[in-house]
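The values are calculated or read from the model by the stated rules, or taken from the named source; none is laboratory data. Not measured: the values here are computed from a predicted model. FYI the Cβ positions are ideal-geometry reconstructions off the backbone, even for glycines, and counts take in every protein chain you see.
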Amino acid sequence: MAEQLESSAEEIAEHAHHSALPYYAVWGALVALTFTTFLISRVNLGWGNLPIALAIASTKAGLVVWFFMHLRDARGLNRVTFFVSLGFFALLFAFTILDVTTRYPPTNPPNGFDKDRAAQFFHDEGVPHHSSE
Amino acid sequence: MSPQSDSSAAQITAETAPAEPSAPPEAARPEEPRFPARHYLNDGHTIRSWLLTVDHKRIAILYLVLVLTAFLLGGIFAMVVRLELLTPGPTIIDALTYNRAFTLHGVIMIFLFMIPAIPAVFGNFFLPIMLGAKDVAFPRLNLLSVYLYVAGAALALWGMIHGGADTGWTFYTPYSTITPTNVVPILLGAFIVGFSSILTGINFITSIHTLRAPGLTWMRLPLFIWSLYATAVIQILATPVLGLLLLLVAAEHFFGFGLFDPARGGDPILYQHLFWFYSHPAVYIMVLPAMGVISEVVTTFARKHIFGYRMIAYSSLGIAFVGFFTWGHHLFVSGESAFDAGAFGILSMFVGVFTAIKTFNWVGTLYRGAITFKTPFAYLCGFLYFIVFGGMTGVAVATVSLDVHWHDSYFVVAHFHFIMVGAVVMAFLAALHYWFPKMFGKRYPEGWGLVAASLIILGFNATFIPQFLLGNAGMPRRYYNYQPQFQALHVASTTGASLLAFGFLLIAIYLLLSLKYGKPAGPNPWGSRAFEWTTQSPPLTENYPGAVTVLSGPYAYHVAQSPIALTTNRPTDGGGGTREGGGHAA
Amino acid sequence: MNELMRRMLFLPEQASNFSTDVDHLHYFVILTTLVMSFLVGVTALYFFWRYRQRSRDQLTPDVQPGPGMEVMFVVLPLVFFVGWGIAGFRDYVRMQTPPKDAMDVYVMAKQWMWKFSYPEGPSSLSVLRVPTGRPVRLLLTSRDVIHSFFVPAFRLKRDAVPGRYTQMWFVPTKPGRYPIFCAEYCGLSHSNMTGEVVAMDPAEFDAWLADQRTGFPQAQDSAASPGEEVAADASLVEQGRAAAVRNGCLKCHSVDGSPHIGPTWLDLYGRTETMTTGEKILAEEAYLTQSMMDPLAYVVAGFQPVMPSFMGLISPAETAALLEYIKSLRSDRRGGEDRFRGPLNEPAVGQ
Amino acid sequence: MQPEAPAVAAAPPIPAPAHHFRSWAVQQHAERMGMWLFLATEILLFAGLFVAYATYRFLFPQTFHAASKYLNVTLGTVNTLVLITSSLTVALAVHFVVSNRSRFAGLLLLASVALGATFLVIKGFEYAHKFQEGALPGHYYRLEGLTLPGSSLFFTLYFFVTGLHGLHVIIGMSVLTWVAARALRGEFNARHYIPVELGGLYWHLVDLVWIFLYPLLYLI
């Protein structure tokens, strides 16, 4: 395992990107994506806005990680660590959001959640209202 | 644990000052082991050489002293709680002091003893030796982690003296944000100790990946290393979420942020999600190193190759990975959705399977072995019984409908003490006795060891079996004043607790005495084939006299040949290093 | 068998529709646990003895598990654990889906007491009356911190989270009085936050409910839980009512004019009472105070001399409060109904 | 991440590794691994806050939509561009230090620190504007125009997330300044550049977090 480490360190030093062009290209892409996400947010696509914004942000993040942070020529565990931490972030995110969405509606904060959906769980005329803050 | 334990640091430095180079009288048997002249303990006697050391073995000794002091303090709070519960009404303290006592018992035991205990003490000491390396990957970060622990513990101690928290170690909002007691220093103390845990985790993973000796492939790693690897993964991925949460609660105290304040629409159940995302994997941070120690102890005292190496190694990683999927079983009755309750309930079952695999394999290792019944093995028997009983009650509590009755009752208290004291402290004591000769070069009195072990196992059962029944009877936890019908069980539990405390005291006494008066142990008192027993005890500062190549796995009891070969390219001094070409240690 | 296991495991009596199912799964799980730990223990002990070390450097064979054994090690626990995981979840789903015809009761948890409010009926402190045989749904909420409504006899528990509602339901099967505990740590008197579920026969319950709804303001059943101290700045009348409840005056004196063991307090103040001796006395502070301290001196005609003396039992402040309360009981001014307003969303204490 | 090897002036031979590492390449690999593991903890640290944001955005969709209007989108966009450019300069610094131009890399690092400072100054303006408006977290919240339930939650999250991110910008800037000082002294070369790379990794992560914060806070 140590031997092939020797060689990988050598060839990274050798073929360091000769010209800095790719960095400027990545920078240009990031700036372009920033403006696109800004312009798209102006258009009201209802629930569509969030996925698009997140997709653009993820591509920008991917560019930064892959090129600027040299994940491209990372070896072994270094490459895995980043994606494992994203995986556990997604795990925490998924189960917490699943809980909030599938909860018994009145267990969510009052009138942060539309009333009529809560009312049918009380199967009488209305949710016992209370003074909103 | 007697108060002498925190004086043992001074004891060590004083004791080793007059290192007795004189060989024992000639009349003793020829292979009577001699105490090595040069070793890591007498490699510098100034206080500065101890406090600014970057040698992983000395850092382990610093951690041992700190962690035992925390255990003593936590133990005192435990006895206060148990004495208070002797009678239903007020017995020795009032309600507020009782609430503080059980909170501080929880905080000290979990953050200052259970989480750092086995990884920081035995992990730091033996990981480099087992890898055949000279030190951990980042020695100075290792020292920083000791001082972060000291800073966090000092801040928490200061908080305890100035009023201490009465919120329970879980700091549930909204009570933790409106409690009149002084909870913020303890929150920030735990936050800083979390950093020390992260640094240990980073050190271990990097060392295991980059510092293995030539010939030491992944499948030849001792199982203690596998469990430390899995623990480090959890330490890195779970601790930051707790750090953030403690900051949020502290911010709520200082600036009234109201992120979890229901009056502003905040969601206390979200706090519980984020808290248990750390705290359930944290119980696996505690139990995994204990399982690693047990794998080492079982192979040495049964003198037999581990039964199912691959299964035990992969189930360590399995516990670490699946352990992150199960935190919701702490929220079954807290208003969590039924869907999530079902998902977490079923996922919690898978973690139980990995523990079962390990237990079957340990018992399998005993089959056709050559078992010698020493103190570490006595603790192993206690461990086996407690891990099965505690583990299965854990799976029972993770069953959704049963948990509705048991949640926040004494059944849960008994379950997690069965795992924390039954499994982890039992393994800690097994490790302490198993590696005592290697760490200090002295033998402890075997007779007293067995007496103390039986006292502890007996006392433990007497303390926590009644608490299972209390839980069934419906006594909620954290109760200062309970219904009279529960009193008989509480009295039984308190007598058990005092027996347990006496057992710990006995251990402290004879271990400290054998530090000074113990006979020299020699490099391999147990005749074990594990890597750490091929170097002298106590080891050299650079662990091995020469370069190390590993020839076979650590549990080679079916061949008469040492697993490690030492090519001594530097002149070996007179110390107890093994001979050229990997001689077979006695 | 069920009774034997229940007693052996110190389980409280089974008083709700869920208790029996939960207990049966409990017995199965605990028995499996005991059997498994016994098996592992015995195997280990046998191995300790059978394979003890015989010679000093004895070599031992390198025995490795075959694939069959490895699969068995994985499948055996997996089947058991996932089995009772699913059984447990099935019961839990039943616990979380109340029937449509369940009677709703709002439970308001407040720092260190429980308050129950029937939608149209009275509200009571610490004592929850429920009919056996009929489903009851509790809608839990809390005024300040998280509490947890726990009835060991029903094997049920649910957190009362401030600012929102959680629900639980049950069908009481056995009449009786079962303790309520608060299971989520909520501060200083967390252990005194107890109450009682009184399971009554349906007929008896309906009678009680009707009686509670007609009597006005008939809150005498709201026996204040030991922990409740009426806020110091509450009106004297309010303190008087609490003192009357605490000292049990309302057990004999009704406040709505209906005949009871003692004379009714409605419109008592300023009325001329005729004594058993035929003497007529105007009921004002002096007479009322003397009646409290030395009741047998003047007994109103038509009533038995059974009232105990409260000399030394009630403080002067309480006496004054009681007098104010009696003065306030006039039929032309009826107090407001104590309607449940839902969780007041004002910020938690201390902010 | 402590570089052990002594500086080398001329054509850079492979420096001697620390006593417990077998070779210089292994030491570099270990130091990179330590940094990536530390970045994993940073990602999980911000994960808790993003989950809280997602929960409250699901519970109070209209409030978050309305509250986001009170943020200055142009300043947010400018800040994003500033941080992206600082990421570029740091990446260029690592590139040039690998081709033995240590001093030029030092200048680039200082440029990144300056851009970081610009980011903080712009952030300061935004905060000042919020303090005047009263759009503050928790019970300091007294924004007139917005009284929907959970509105103080949006600003609690806004201040805590951008505050924590700002703290990380400050830590990043101090790390880059320290590395820039050593680069300007010519300490680094093609063989010994790990501190520059690790400082760059940390800075890119800080930029990464802002790349996600920008749409989630400003463009709802």
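Listed values, structure above:
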| quantity | calculated |
| --- | --- |
| Unique match (being closer than 21 Å to B:PHE428 by Cα, more than 22 Å from the chain's Cα centre (by Cα) and in contact (Cβ under 8 Å) with a residue 40 or more places away in the chain) among B:GLY518, B:GLY474, B:GLY459 | B:GLY518 |
| Residue count, the range A:66-83 (criterion: assigned to a helix (DSSP H, G or I), more than 7 Å from chain D (Cβ to nearest Cβ) and not charged (D, E, K, R)) | 4 |
| Checking B:ALA492 against (1) closer than 30 Å to B:GLY553 by Cα; (2) hydrophobic (A, V, I, L, M, F, W, C); (3) within 14 Å of chain C (Cβ to nearest Cβ), the condition it does not meet | (1) |
| Answer residue from the range D:184-220, given it is facing chain A (nearest Cβ under 7 Å), touching a residue at least 24 places away in the same chain (Cβ under 8 Å) and under 30 Å from D:PHE50 (Cα atoms) and is surrounded by the fewest Cβ atoms within 10 Å (Cβ to Cβ) among those | D:PHE212 |
| Index of the failed condition, C:ALA15 passing every other in (1) at the interface with chain B (Cβ under 7 Å from one of its Cβ atoms); (2) among the aliphatic types (A, V, I, L, M); (3) touching a residue at least 24 places away in the same chain (Cβ under 8 Å) | (1) |
| Filter result for the condition that a residue is in contact with a Ser or Thr (Cβ under 9 Å, 6 or more places away or on another chain), surrounded by fewer than 17 Cβ atoms within 10 Å (Cβ to Cβ) and farther than 21 Å from B:VAL388 by Cα, over C:ARG56, C:ARG52, C:ARG7 | C:ARG52 |
| Any strands (runs of 3 or more DSSP E) falling wholly within the range C:105-158 and containing at least 3 residues that are more than 10 Å from chain B (Cβ to nearest Cβ) | C:113-117, C:123-125, C:127-131, C:136-142 |
| The lone exception for B:GLY164 - which of (1) more than 11 Å from every other protein chain (Cβ to nearest Cβ); (2) in a helix (DSSP H, G or I) it fails | (2) |
| Test for B:LEU242: is it within 26 Å of the chain's Cα centre (by Cα), in a helix (DSSP H, G or I), touching a residue at least 12 places away in the same chain (Cβ under 8 Å) and within 11 Å of another protein chain (Cβ to nearest Cβ) | yes |
| Residues of the range B:186-210 classified as of a type in the set (Ser, Thr, Tyr) and within 14 Å of B:TRP169 (Cβ to Cβ), total | 0 |
| Hey, B:ALA356 facing chain C (nearest Cβ under 7 Å), closer than 25 Å to C:LEU138 by Cα and buried (at least 24 other Cβ atoms within 10 Å of the Cβ) or not | no |
| Identity of the residue in the range C:14-27, out of contact with any Gly (no Cβ under 9 Å at 6 or more places or on another chain) and surrounded by fewer than 20 Cβ atoms within 10 Å (Cβ to Cβ), that ends up farthest from C:VAL136 (Cα to Cα) | C:TYR27 |
| Residue among B:PRO180, B:PRO214, B:PRO185 that alone is surrounded by fewer than 24 Cβ atoms within 10 Å (Cβ to Cβ) and in a helix (DSSP H, G or I) | B:PRO185 |
| Per-region count, the range C:300-329, residues basic (Lys, Arg) and in contact with a strand residue (DSSP E or B) (Cβ under 7 Å, 6 or more places away or on another chain) | 0 |
| Test: residue in the range B:334-344 that is touching a strand residue (DSSP E or B) at 6+ places or on another chain (Cβ under 6 Å) and within 11 Å of chain C (Cβ to nearest Cβ) | yes |
| Residue list for the range B:458-494, filter: more than 23 Å from B:PHE383 (Cβ to Cβ) and among the β-branched types (Val, Ile, Thr) | B:VAL491, B:THR494 |
| Where B:THR534 falls short, out of the listed (1) hydroxyl-bearing (Ser, Thr, Tyr); (2) buried (at least 20 other Cβ atoms within 10 Å of the Cβ); (3) over 24 Å from B:THR372 (Cα atoms) | (3) |
| Helices (runs of 4 or more DSSP H) enclosed by the range B:366-443 - at least 3 residues per element that are free of Cβ contacts under 8 Å to residues at least 60 places away in the same chain | B:375-397, B:410-417 |
| Lone unmet requirement of (1) on the phi < 0 side of the Ramachandran plot; (2) in contact with a Pro (Cβ under 6 Å, 6 or more places away or on another chain); (3) part of a loop (DSSP other than H, G, I, E, B); (4) not polar (S, T, N, Q) for B:GLY522 | (1) |
| Meets criteria (farther than 24 Å from B:SER316 by Cβ, modelled with pLDDT under 95 and of a type outside the set (A, V, I, L, M)) for B:PHE377 | no |
| Filter result for the condition that a residue is of a type in the set (Phe, Trp, Tyr) and at the interface with another protein chain (Cβ under 7 Å from one of its Cβ atoms), over C:TYR27, C:TYR51, C:TYR46 | C:TYR51 |
| Selection within the range D:134-181 - without any contact (Cβ under 8 Å) to a residue 40 or more places away in the chain and part of a helix (DSSP H, G or I) | D:GLY138, D:HIS139, D:TYR140, D:SER152, D:THR156, D:PHE159, D:GLY163, D:LEU167, D:ILE171, D:SER174, D:VAL175, D:TRP178 |
| Count - residues of the range C:75-98 that are buried (at least 20 other Cβ atoms within 10 Å of the Cβ) and in a loop (DSSP other than H, G, I, E, B) | 1 |
| Check on B:PHE373, under 22 Å from the mean Cα position of the chain (by Cα), under 27 Å from B:VAL559 (Cα atoms) and facing chain C (nearest Cβ under 9 Å) | no |
| Single residue of D:ALA93, D:ALA67 found to be closer than 30 Å to A:TRP47 by Cβ, more than 10 Å from chain A (Cβ to nearest Cβ) and buried (at least 17 other Cβ atoms within 10 Å of the Cβ) | D:ALA67 |
| Of the criteria (1) within 25 Å of B:GLY256 (Cβ to Cβ); (2) more than 9 Å from every other protein chain (Cβ to nearest Cβ); (3) over 15 Å from the mean Cα position of the chain (by Cα), which one D:THR156 fails | (2) |
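Conditions tested, residue by residue: (1) more than 14 Å from chain B (Cβ to nearest Cβ); (2) under 28 Å from D:MET35 (Cα atoms).
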position: D:ALA114; (1), (2): yes, yes
position: D:GLU126; (1), (2): yes, no
position: D:LEU136; (1), (2): no, no
position: D:THR162; (1), (2): no, yes
position: D:HIS165; (1), (2): no, yes
position: D:ARG182; (1), (2): yes, yes
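Results for (1) under 30 Å from C:TRP112 (Cα atoms); (2) in contact with a Pro (Cβ under 8 Å, 6 or more places away or on another chain), shown as yes or no for each residue.
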position: B:LEU450; (1), (2): no, no
position: B:LEU469; (1), (2): yes, no
position: B:ARG477; (1), (2): yes, no
position: B:GLN483; (1), (2): yes, yes
position: B:PHE486; (1), (2): yes, yes
position: B:HIS490; (1), (2): yes, yes
position: B:THR495; (1), (2): no, no
position: B:LEU511; (1), (2): no, no
